[in-house]
Amino acid sequence: MAIYFSCIPMDAASERQSAGKDPDKGSRRVISIPASGPQGGWHSMCGTDIAAWCGPATGADPGGITVFAIFFPGQGAQFRGMGADDFGRYPGLTRFACELLGYDLVSRCRDNPDDVLSRTECTQPALFTVNALRTFERERRECRPADYCLGHSVGEYNALLAAGVFDFETGLRLVAKRGELMAAASGGGMSAVMNTPAPRLLDVLREDGVDGVDVAAYNTDAQVVIAGSDSVLRAAHASLKARGIRFAPLRVSAAFHSRHMEPVRSEFESFLEGFTFAEPRTTVICNVTGRPYERGTIPEMLSRQLVEPVRWVDSIRYLLSLGTGLDYEEIGGKSLLRMVKSIEKAGARNALVKSGV
């Protein structure tokens, strides 16, 4: 079993005590965080006492017990009405988020005026906040704890929060700055390309004289995302259309996860220097490497993530390679579940081919 860093209203613990369930006993313990404590003052943030629920941190059981992973989606998982069932459960944290961001996050999520949720500077903190509250609620209900946490792009910040790397306030400040910097980047775009493996795709584009395309995400064996300048993407689209390769332009303002984010990466790297990060207490798989975070690498990897592809296929294959079986859950969406099922099916097909079946 592994742990989350969670925030739970103390009245929830009181309710369990009144029901005859002592939260100080069993495999978990309640740690009250003082208002002046190192996590930035949870009492003032929430308007009530907050508890951090911690369980013993262990990895996958070597005896072959199925491991459990929790996924957090990235940009694209937002929708009008998101958070409707979550903000009311954590009014203190919700108020704090609105104050930190400088706008009414609840109304933006509820009404989505002028399609504001599609704007990167709003999308990212909205997703982070809503999925953080869902994580806290999941922990409050004492659902199965994760052995591994994974997030896709900005979803990785929820994974790091769940693993105790930073608290809610820190995570929200990081994501708000990330979204602000990425939204300020202009020019370029991204497209999803279907049913063409990345090596073959890049070969096709080179053969057609298209240069300057970066792979921004390896989502499944059948889908990759490319990024580039506007002129490069136009040429890439013409090449793909001529060859009958399916693609879909994405609604983004710039070429994220590519060389074009280097100015953003440089500024965000400096911003990260103002924060302290704990080591994950639950194993987090890194987007940049597709492997567990190594000690002391969190600022570097969060910076590199802006200019390097999301290696989702490698991340899932790593979990599948453990050989213990894999259960999983997605918080805040279903797109990652579909990706994982696709990767699992591709792996099964490849295994049959290799075995000669």
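If you filter segment 287-331 for trypsin sites (Lys or Arg not before Pro), then keep DSSP loop positions with at most 10 other Cβ within 10 Å, what is left? When the trypsin sites (Lys or Arg not before Pro) of segment 287-331 are filtered for loop state and at most 10 Cβ neighbours within 10 Å, Arg295 remain.
For segment 219-296, the share of alpha carbon pairs falling in successive 10 Å distance bins from zero is 13, 32, 31, 18, 6, 0 percent. Hydrodynamic radius of segment 121-174 by the Kirkwood approach over all distinct alpha-carbon pairs: 11.3 Å. Taking all Cα-Cα distances within segment 198-258, those exceeding 17 Å account for 31%. Placing a label point 7 Å from the Cα of Asp230 along the Cα-to-Cβ direction, the residues of segment 260-281 whose backbone N falls under 18 Å from that point are 260-261. Given their separation in residues at 0.36 nm each and the Cα-Cα distance between them, Asp115 and Arg317 gain 69.1 nm when the chain is fully extended.
Legend: distances between Cα atoms for Lys241/Lys341; Lys177/Lys334; Lys177/Lys341; pairs beyond 30 Å are Lys177/Lys341. Model label points for Ala248 and Glu294, set 7 angstrom from Cα along the Cα-to-Cβ axis, are 3.7 nm apart.
Rolled with a 1.4 Å probe across the full set of protein chains, the surface gives Arg265 an accessible area near 40 Å².
Given q = 0.12 Å⁻¹, what are the Debye log10 I(q)/I(0) values for segment 133-247, with equal point scatterers placed on the Cα positions and solvent ignored? With no solvent term, the Cα-only Debye profile gives -0.61.
The residues of segment 122-178 expose, per residue, 16 Å² of accessible area to a 1.4 Å probe. With Rh defined as the Kirkwood radius, the inverse of the mean 1/r over Cα pairs, the Rg/Rh of segment 249-352 is 1.01. Computed in the context of the full set of protein chains, the accessible area of segment 105-213 at 1.4 Å probe radius has 44% of its extent on carbon or sulfur. Subtracting the Cα-Cα distance of Ala222 and Glu273 from 0.36 nm times their residue separation leaves 14.6 nm of extension gain. The apolar share of the surface of segment 226-290, taken as the fraction of accessible area on carbon and sulfur atoms (1.4 Å probe, ligands and nucleic acids excluded), comes to 52 percent. Among residues other than Gly179 with Cβ under 9 Å from its Cβ, the summed charge is +1 (Lys and Arg +1, Asp and Glu -1). With N counted as the residues of segment 101-199, its alpha-carbon radius of gyration over 2.2 N^0.38 Å works out to 1.24. Placing dummy labels 7 Å off each Cα toward the beta-carbon, the span from Arg144 to Lys341 is 1.7 nm. When only alpha carbons are used to place a centre, segment 78-94 and segment 182-251 end up 35 Å from one another.
Per residue, segment 252-357 exposes 50 Å² of accessible surface when a 1.4 Å probe is rolled over the protein heavy atoms with every protein chain present.
The values are calculated or read from the model by the stated rules, or taken from the named source; none is laboratory data. If you're wondering where the values come from, they're calculated on a predicted model, not measured in any experiment. Here the Cβ is made from the backbone with ideal geometry for all residues, glycine too, and neighbour counts use every protein chain on show. These area figures cover heavy atoms from the full protein model, side chains too; ligands, DNA and RNA do not enter into them. Shrake-Rupley method; radii C 1.70, N 1.55, O 1.52, S 1.80 Å.
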